[in-house]
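Derivation of every value follows stated rules applied to the coordinates shown; laboratory data play no part. Model, not experiment: these values are computed from the prediction. We place every Cβ from the backbone using ideal geometry, glycine too, and count neighbours over all the protein chains shown.
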Amino acid sequence: MSQEVKIISKRFDDPKAATLDGYLASGGFQALEKALTMAPEAIIDEVKKSNLRGRGGAGFPTGMKWSFVPKQSERPKYVLCNADESEPGTCKDRLILQYDPFSLIEGMIIAGKAIDSHQGYVFIRGEYRYLFDIMERAINEAYRAGYLGKNIRGSGLDFDLYAHSGAGAYECGEESALMESLEGKRGIPRLKPPFPAISGLYGGPTVINNMETLATVPHIIVGGGEWYANLGVPKNGGTRLFCLSGHVARPGVYELPLGVPFPRLLEVGGGVANGKKLKAVVPGGSSTPMFTAEEAMGLNMDYDSIAKAGSFLGSGGVVILDENTCMVKFALRIMQFYRHESCGWCVPCREGTNWLHLALGRFHAGGGREGDVDLLREVSENILGRTFCPLGDAAAMPTLSILKRFRQEFLDHLAGKPCSCGVSGRPALATH
Amino acid sequence: MSVFSQATQERFQTLLSHYPVKRSALVPMLLFAQDELGYLPPEAIREVGELVGASELAVREVIGYYSMLRLEPAGKYHVQVCTNISCMLRGGDDIYRHCKERLGIGHKEVAADGVFSLEEVECIGACSWAPALQVNYDFHQELTPEKVDEILRDYRKKAAAR
Amino acid sequence: MADNPTLVNITVNGQQLTAPAGTLLLEACRSAHVEVPSFCYYPGLSLQAACRMCLVEIEKMPKLQTACTVVITEGMVVRTDTEQVHRARKSAIEFILTNHPLDCPVCDAGGECELQDMTFKYGAAESRFTEPKRHREEQQWSPIVYFDRPRCILCYRCVRVCGEGMDVWALGVGNRGVAASIIPNHSDHLQCEECGMCIDICPVGALTSGPYRYKTRPWEMKHVGAICTFCGDGCKTTLGIRNDQIIRGDNRDKSGINGDFLCVKGRYAFDFTQNPERLKQPLVRVDGELRPTTWSFALETVAKRFQRIKSAQGGFGVIGSTRTLNEEDYQLQKFARRVLGTNNIDHHRTADFPALATALAARTNTPGTALPLANSSSLKTAKAILLVGNDPTNQHPLLAWNIRTAYRNHKTRLYVLNSGDIKLRRQAFRMAVIPAGGEAAAIRFLNGEADSVPAELTMVGGPDPKRWPQTPPSVPQKIAEGLQDFRARLRQEQDVIIVFGAEVRGEAVRELVAFGDTLPGNTRYIALADNANSRGAADMGLYPDLLPGYRPVADAGARAHFEQLWGGTIPAEPGLNLPQMLAAAAAGKLDALYIAGANPLRLHPSAAEGLRKAFVVVQDMFLTETARQADVVLPVLCSYEKNGTLTNTCGEVQAQKRGGMFEGAKSDLAIIHELAELMGCGFGPAAEDKIFGEIRANVKGYDLSLVQLLAGRSALAAPLNETVAHRDDPELIQPNNDTLFTAGTLGRYSTTLNSVMERRLQKESK
């Protein structure tokens, strides 16, 4: 029934793959052997050919990102893996860490070879302690077997890799904030330019990629860029992990080719739970503008199609909302999150998310006033595009999409109609 | 005199060796320090700060930023219930309310006997297995109120056994 | 380099602008009077882009950009006056005000608040935010610093000025998001230099000062740009005056040589002026007791007694002050030489200015040209600085600030030669730790050719243990290598500014200048003296052997010049110095001692007994140790209550402007003139401008631009390149070794300084 294509998830059912032996038995480190014989430019070309795009959120072409790193540098270069998976609706990197940690190690060594870097860090969110432990074990095993450290497998290539734990901050998923955090500071984003490829960790040229992106690299090296590109649609190479959650019959993480039509994706998840009707869809994590059911059913799940429709494929977190979902409450919960996660550095994000959270809470609890809907929109618009980093946009965009697409629901609240909360039946007023 | 066990001190030393700059070890060190002490008392802040060459103020700035780090003790078992969107859509609020009722405490409160503390947390990356909670670092997913009762019972037993 | 920067052309609102490459867009706009508002941007501090007030439109960029972080590029087209930009500003204000209390009527910053001004200019008339505001109780962080979190708009200026500017790093940011807050370094209080920079730089009323809060509304004060009366740096402090009383000292004016800077004394220690112990009436000793009397009786008593002694050809001694104004010092030595007929005049010396003048003049440069002295701001752009002795952080806070600024902005190479762990070592390119008292030997080594380092410099445990808490480098070999490297590096520098403290005096000064002469380029000097007019006292001739402008008393030509000017004779023999005068008094060889604004018994307590034998007149604000021994005590105005000029340690002359007034006291100048008049040797009206005219015309190096001084700017007075014959009395150089919180006798009468000290002791003993 499914269109599932198991590439990145091919070892998810193999309990032994998280050990070095198991990994080698399932074809692990073949890509590295091959990459060790390739010139750095050839590796980057192969990744460019694959049309691999960042799986973290922005969808930037990976090969191009790597090619921005200068060949010569006075400071050491770094390869960073962003495993700070925190975008609500996203739970895929967890599986790679759990079932296939060596594929990440392999991908990072290859990235190191491509940009002439000899040191990498895997930044894992603090809550994922058991995954941090798995990653550390895998790294230690790789060191012992000569896949990390000096002169890897006799090739002359040196690469050191360490796991690094965060301690609870969504903002550290932003690449420069992650670097600040990795330098032992508050995760406040940096001014750009300079961009990480020129001046990143410790001021050295740095490649930073999402975990899934890096774990995909070995597959591309083995299968070839063209093979990978052809799995997807033009400019959107390969497959990706879609995290289906919410009101879906079989929530789960499914690997599907880019460009898969949304109805097919929904079908893989068994359709809307309990035979209810689809109301709305979050296409790529909580920060992405939402679609109505009608819009969603006409979508293809690739970066460009979704962008054309006004949203983002983001981190692959697809959240399904059924007909009983209260959109006011949904907007409120999203804003509770962004208010909690705003680092507080800049004014519009710090004060704007707080304002919206308070106003949405009052509104949902029945304290709405004439003009509130426009006020909510205007406040969101005043955050949009005016903040120091994309977190402000992440808060404003979904809110604006909900206000626009479900305005009537807000007006109904205002008119005192019963709230359609089918989930808890009570307003979710934040108490803190 | 260190406030940390030998094992934790060794862990610190290993961590410090991972970075070209000592300060980089600060965030994970604080988390490991907290794992051992339950929170970050002033002595721990001073000691960790000295190890990485950061002032007490700099360490406090960092602690204040990260939601997992705390200056006050939590319960032996810190129950963290996710109510973010994916969990909310599958009854996360009910689970949270259930925990509040069962434990008799609210957000960021510690039960009188110190066994449990409770926190409503943001997305913990269990969206496809919602609703979910974490007790310390252990995930518990696809919850129902009944399952929560079982989980809490198990931890209470564990606490009594010690 | 920066000498000839490339120019970049941009268009702002259709207008063509040109600015040097590397200029920030915000600065380029402001320099062309195009308004770009901002809170977090502050010149000289790191960029934040946090307040989002400076958003502008730039062609070819999709979103609004922060003008405070964008560097201009050729052909950039910018708009700051569009609907979109106005909306962005309005919304930034609106966001800031959501959690900002509207308690402006009781806020110290009301009327001087950047947020008020910006709201007035760019904000909305009504508030759309109707949710509850976050409230937090106000906190007292130190005797000086109070913090009101709800008013804080998180512009991070305070954090940056404390860290980047002061190198104190006592403020940080705690929590995150809407709960983010400025926090002090000791969880609930501050342990810092109490400079108050954070308070002055705060654009709103979040940080307020203990001494000023709730005292007045800003518009009830008049503001006077006065020169600080404490250390020798000569900072301008803007005094807020209400009803002739000084309510506040701050730095909103920023027109002084100190720019943004002021230390705790400049900002808060003015409160000695209102100390209840301040003398309001003259005192005359009757039956062994000092009793209040009238001015006319007191002055007549002094004049008559002086006249009697003079007629009997008795001995006089005169001790001047290092805080009185140039005009007063000049008239005081004129009074001593011309009216009392003595060269027994001196002051408390804290730097060997004559030695520097001698050493520099002895070189073979063109006679009559100004000596190569550096002014305070030249430190900010120096390529290299050699600092010998002293602890500028404590004793010359402005010069320390300038040195830090140079390091921050230009990576200036600072060479520190010191016996203590001074804070400026953090900025040092090379630091050589030497034993206390080893400065002269170290300078000889610098100036010598020998590779061997004298043993006295490599003594194990050499540095003063009190000032050097950590274990000093104890291996002689290492110390020697360090000094050799120090010298080798230093010799490669050019255009060095050499700054030296009281440790370097007499022969060592000449050795240092000889070394400076071997360095390439233009070597310049700053001698560090402790008090507000130490340099002025030296320049004005408060020496037993030097007339104004370092002209020897023994030089008949110099004497003749002043004799003609003053219409009378000047004794040809050099007089007694300060300790000699005290000794002479004790030996019964001085009949009268006239002490104007000095407290010699603080440094020479054993001389108290001896003073009883002479007729002692003391002019002071307080009943000091010395005043208590006096026969007549005349209450005087302080520096902030007078007009005139002051010369800072670098030689920068600045106009002092009267701020406060004090009933019952007279200026030293007025007293000197009245005494001269009563003694039948009138000096004419006590008019500062007239006297300064005489100084300009007759004190070498003081022919300065009046326009500049009257405009509130400084002018560098450098002695001229002429031979100075001065006898070295190195033992007379006695530094105060003040900290940031002490200021000799004067500091004892500042409630604020005392409260800071007490609080520190309390916290330390905990």
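Equivalent ellipsoid of chain C: semi-axes from √(5λ) of the C-alpha gyration tensor, largest first, are 47, 32, 25 Å.
On a 32 Å Cα-Cα criterion, which of the cross-link pairs A:LYS192/B:LYS108; C:LYS63/C:LYS133; A:LYS276/A:LYS417 come out too long? If you can, show how the numbers build up before the last one.
Numbers: A:LYS192/B:LYS108 37 Å; C:LYS63/C:LYS133 30 Å; A:LYS276/A:LYS417 21 Å.
Too far apart for the 32 Å limit: A:LYS192/B:LYS108.
Each 10 Å bin from zero holds the following percent of Cα-Cα pairs in chain A: 5, 22, 31, 25, 13, 5, 1, 0. Neighbour counts of C-beta atoms inside 10 Å place A:MET135, A:MET301 in the sequence A:MET301, A:MET135, starting with the fewest.
For segment C:415-461, the equivalent ellipsoid derived from the Cα gyration tensor has semi-axes of 19, 13, 8 Å, listed largest first. Roughly how tilted is helix C:83-98, in degrees to the nearest 10 and between 0 and 90, from the longest Cα axis of chain C? So the helix axis and the longest Cα principal axis differ by about 70 degrees. From the largest down, segment C:63-152 spans 52, 32, 23 angstrom on the principal axes of its Cα atoms.
Sorting A:ILE109, C:ILE434, C:ILE241 on the 10 Å Cβ count, fewest up front, what's the list? Can you show the working numbers first?
Working: A:ILE109 31, C:ILE434 27, C:ILE241 21.
Lowest to highest Cβ neighbour count: C:ILE241, C:ILE434, A:ILE109.
Along each principal axis, taking the top coordinate minus the bottom one, the Cα set of segment A:141-251 gives 44, 41, 30 Å in descending order. Averaging 1/r over every pair of different alpha carbons in the protein assembly as shown and inverting the result gives a Kirkwood radius of 35.5 Å. Simple spin-label estimate for B:TYR137 and B:LEU71 gives 2.6 nm between the two label positions (7 Å along the Cα-to-Cβ direction from each Cα).
Let me have the relative contact order for segment A:53-151, percent, based on Cα pairs under 8 Å that are six or more residues apart.
Details: 84 pairs, mean separation 31.2, N = 99.
It rounds to 32 percent for segment A:53-151.
Among the listed pairs C:LYS310/C:LYS613; C:LYS265/C:LYS700; C:LYS215/C:LYS236; A:LYS49/A:LYS150, which are separated by more than 25 Å between their Cα atoms? Before the final figure, lay out each step's value.
Values: C:LYS310/C:LYS613 17 Å; C:LYS265/C:LYS700 32 Å; C:LYS215/C:LYS236 22 Å; A:LYS49/A:LYS150 30 Å.
Check vs 25 Å cut-off fails for C:LYS265/C:LYS700; A:LYS49/A:LYS150.
Can you give the convex hull volume of the alpha carbon atoms of segment B:77-161 per residue, in Å³? Don't skip to the end; give the middle numbers.
On the way: hull volume 6.2 nm³, N = 85.
Value for segment B:77-161: 73 Å³ per residue.
Express in % the proportion of alpha carbon pairs of segment C:220-279 at distances exceeding 14 Å. Numbers along the way, then the final one.
On the way: 897 of 1770 pairs.
Cα-Cα pairs in segment C:220-279 separated by more than 14 Å: 51 percent.
3J(HN,Hα) along segment C:338-354, derived from phi through the Karplus expression 6.51 cos²θ - 1.76 cosθ + 1.60 where θ = phi - 60°, amounts to 8, 8, 7, x, 9, 9, 6, 9, 7, 8, 6, 8, 10, 8, 8, 4, x Hz, with x in place of Gly and Pro. Our summary gives chain C a relative contact order of 15 percent, counting only alpha carbon pairs under 8 angstrom and 6 or more residues apart. Note on segment C:116-176: the alpha carbon radius of gyration divided by the globular reference 2.2 N^0.38 Å gives 1.44. If you take every DSSP beta bridge whose two residues both sit in segment B:77-161, what share of them, in percent to the nearest 5, is antiparallel? Roughly 55 percent of the beta bridges in segment B:77-161 run antiparallel, per DSSP. Between C:THR18, C:THR66, C:ALA50, the Cα set farthest toward the positive side of the dipole of segment C:7-96 (charges on each charged residue's Cβ, about the Cα centre) is that of C:ALA50.
Residues whose amide H comes within less than 5 Å of that of C:VAL173, counting only those at least five positions distant or on another chain, are C:ILE183 (H built at 1.01 Å from N in the peptide plane). Close amide H contacts of C:VAL636 (hydrogens built in the peptide plane, cut-off under 5 Å, sequence separation of 5 or more or a different chain): C:ASP620, C:MET621, C:LYS666.
With viscosity set to 0.890 mPa s and temperature to 25 °C, compute the Stokes-Einstein D of segment C:660-766, Rh being the Kirkwood radius across alpha carbon pairs; µm²/s, no decimals.
Details: Rh = 19.0 Å.
The diffusion coefficient I find is 129 µm²/s.
Only Cα pairs under 8 Å and at least 6 apart count here; give the relative contact order of segment A:266-417 as a rounded whole percent.
Working: 216 pairs, mean separation 37.5, N = 152.
The normalised contact order for segment A:266-417 reaches 25 percent.
3J(HN,Hα) along segment C:643-652: 9, x, 9, 10, 10, 7, 5, 7, x, 7 Hz, from the Karplus curve 6.51 cos²θ - 1.76 cosθ + 1.60 with θ = phi - 60°, whole Hz, x for Gly and Pro.
Beyond 27 Å, what share of the Cα-Cα pairs of segment A:200-346 remains, rounded to the nearest whole percent?
Working: 3278 of 10731 pairs.
Everything past 27 Å amounts to 31 percent.
Taking a 27 Å limit on the Cα-Cα distance, which of the listed pairs C:LYS254/C:LYS383; A:LYS329/C:LYS60; A:LYS6/A:LYS48 fall beyond it? Please list the in-between numbers first.
On the way: C:LYS254/C:LYS383 25 Å; A:LYS329/C:LYS60 39 Å; A:LYS6/A:LYS48 21 Å.
Checking Cα-Cα distances, A:LYS329/C:LYS60 exceed 27 Å.
For segment C:316-375 versus segment C:127-189, the inter-centroid distance based on Cα atoms is 48 Å. Working value for segment B:6-65: equivalent-ellipsoid semi-axes of 16, 14, 9 Å, each the square root of 5 times a Cα gyration tensor eigenvalue, largest first. Helix B:92-103 and the longest principal axis of the Cα set of chain B meet at an angle near 80°.
Counting neighbouring beta carbons within 10 Å and listing from fewest to most, the residues C:VAL286, A:VAL282 come out as C:VAL286, A:VAL282. Enter the angle in degrees (range 0 to 90, nearest 10) between the Cα long axis of helix C:556-566 and the first principal axis of the Cα atoms of chain C, meaning the one along which they spread out most. On a 0 to 90 degree scale, this one is about 80.
Rg/Rh for segment C:103-235 to two decimals, with Rh computed the Kirkwood way over all alpha-carbon pairs. Spell out each step's value before the answer.
On the way: Rg = 16.1 Å, Rh = 16.3 Å.
Looking at segment C:103-235, the ratio lands at 0.98.
Helical content alone sets the calculated 222 nm signal of chain A at -12000 deg cm²/dmol, taking -39,500 (n - 2.57) per DSSP H segment of four or more residues and averaging over every residue.
Across the alpha-carbon atoms of segment C:356-461, the computed radius of gyration and Dmax are 15.5, 47 angstrom.
Distant-in-sequence amide contacts of C:VAL8, defined by a placed amide H-H separation under 5 Å and a gap of 5 or more residues or a different chain, comprise C:ALA19, C:ALA21. Ordering A:255-264, A:329-338, C:218-227 by mean Cβ neighbour count within 10 Å, with the highest value first, yields A:329-338, A:255-264, C:218-227. When the Cα convex hull of segment A:1-127 is projected onto planes of every orientation, the mean area is 9.5 nm². Annotation: the antiparallel percentage among DSSP beta bridges lying fully within the protein assembly as shown is about 50.
Pull out a ≥ b ≥ c, the square roots of the eigenvalues of the alpha-carbon gyration tensor of segment C:7-96, then state rounded if a/c is under 1.5, prolate if not and a/b is larger than b/c, and oblate in the remaining case. Intermediate results must be reported in sequence, preceding the final value.
Numbers: a/c = 1.88, a/b = 1.30, b/c = 1.45.
Judged from the Cα gyration tensor, segment C:7-96 comes out oblate (a/c at least 1.5, b/c at or above a/b).
Over the C-alpha atoms of segment A:83-135, the Rg to Rh ratio, Rh being the Kirkwood estimate, stands at 1.01.
Divide the volume of the convex hull around the Cα atoms of segment C:1-51 by the residue count and you get 92 Å³ per residue.
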